[in-house]
Amino acid sequence: MTVKLKGKERIDDLQRNGYRIIQDPERFCFGMDAVLLAGFSLANQGDSLLDLGTGTGIIPLLMEARYHCERLIGLEIQPESADMAARSVELNGLSDKIQIVVGDIREADSLFPSASFDCITCNPPYMIANHGIKSPRSPRAVARHEIFCTLEDVVSRTAKLLKPGGSFFLVHRPFRLAEILSRLVAYKLEPKRMRLVYPYVDKEPNMVLIEAVRGAKSRMTVEKPLIVYRKPGVYMPEIRDIYGY
């Protein structure tokens, strides 16, 4: 299937099931954090999944390729990104399974029924407020900074939309780990799995992957570290497997 590209858009191969994605390098292209989140997340074929702040739809596409979930929805506040995501869904012939909704995470609980999703994923903005932003409304700023939503917004809406026993999968930065865990527990989203991501074996972690389960008992497994590079430009075998190389 072919779709019309706009401006500087391009089509990239996702290395999964032959799926492709439309991106615009002048706006914002997905990064490794989204790919690692999809690799860390777990789902079943009959599950319904919601991706909060889906951008150009990378996580629903990867989750469908990996788990063939019954229903996947990507919620995105920026109409231009949502349009690219919708055209990527069409490009891959997945319109009957993946739906892209234009909307605000802060209003997600009014857009969808309570306790209606088995899985929720989120690759949220990492940086607090407007620190260091030159163009506060640019696509890159919206993706990286808490302009349209905060961690509190993400966690509180997830707690309303997730089914009891359902899983929330989050990628974030380790420097906010204490805040993340405390917010999850406050909304009865119990952290069950955590994995730290290190760029190199001798460097500090720069990402953290977390699974929280709604209403679960308190007990968390800390998985072995995930190392990205063996040396500059050379991925470790596990990263290559996640990417599908």
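The values are calculated or read from the model by the stated rules, or taken from the named source; none is laboratory data. Since we're looking at a predicted model, the values are computed, not measured. Virtual Cβ from ideal backbone geometry, glycine too; neighbours counted across all protein chains shown.
What to note about this one:
- Sub-7 Å Cβ pairs linking a first residue in the range 91-111 that is without any contact (Cβ under 8 Å) to a residue 24 or more places away in the chain and under 21 Å from GLN23 (Cα atoms) to a second residue that is of a type in the set (A, V, I, L, M) and surrounded by 16 or more Cβ atoms within 10 Å (Cβ to Cβ), at least 6 apart or interchain, are SER95/VAL89, ordered by first then second residue.
- Output for the range 162-194, where each listed residue is of a type in the set (Gly, Ala, Ser) and over 18 Å from ILE59 (Cβ atoms): GLY165, ALA178, SER182, ALA186
- Segments classed as helices (runs of 4 or more DSSP H), wholly inside the range 20-119, with at least 3 members that are within 16 Å of the chain's Cα centre (by Cα) and closer than 26 Å to GLU238 by Cβ: 32-40, 58-67
- VAL185 passes every criterion in (1) within 22 Å of PRO113 (Cα to Cα); (2) loosely packed, with under 15 Cβ neighbours inside 10 Å; (3) not charged (D, E, K, R) apart from (1).
- Hey, GLN45 more than 29 Å from PRO113 (Cβ to Cβ), surrounded by fewer than 20 Cβ atoms within 10 Å (Cβ to Cβ) and either without any contact (Cβ under 8 Å) to a residue 24 or more places away in the chain or of a type outside the set (A, V, I, L, M, F, W, C) (or both) or not: no
- Hey, ILE180 out of contact with any helix residue (DSSP H, G or I) (no Cβ under 6 Å at 6 or more places or on another chain) and at pLDDT 95 or above or not: yes
- Counted residues, the range 157-179 - those being over 21 Å from PHE117 (Cα atoms) and either in contact with a Gly (Cβ under 8 Å, 6 or more places away or on another chain) or crowded, with 19+ Cβ neighbours inside 10 Å (or both): 1
- Any hit, the range 21-31, residues being of a type in the set (S, T, N, Q) and either closer than 22 Å to LEU161 by Cβ or surrounded by fewer than 16 Cβ atoms within 10 Å (Cβ to Cβ) (or both): no
- Within the range 205-213, one or more residues are in a strand (DSSP E or B), surrounded by 13 or more Cβ atoms within 10 Å (Cβ to Cβ) and of a type in the set (Asp, Glu).
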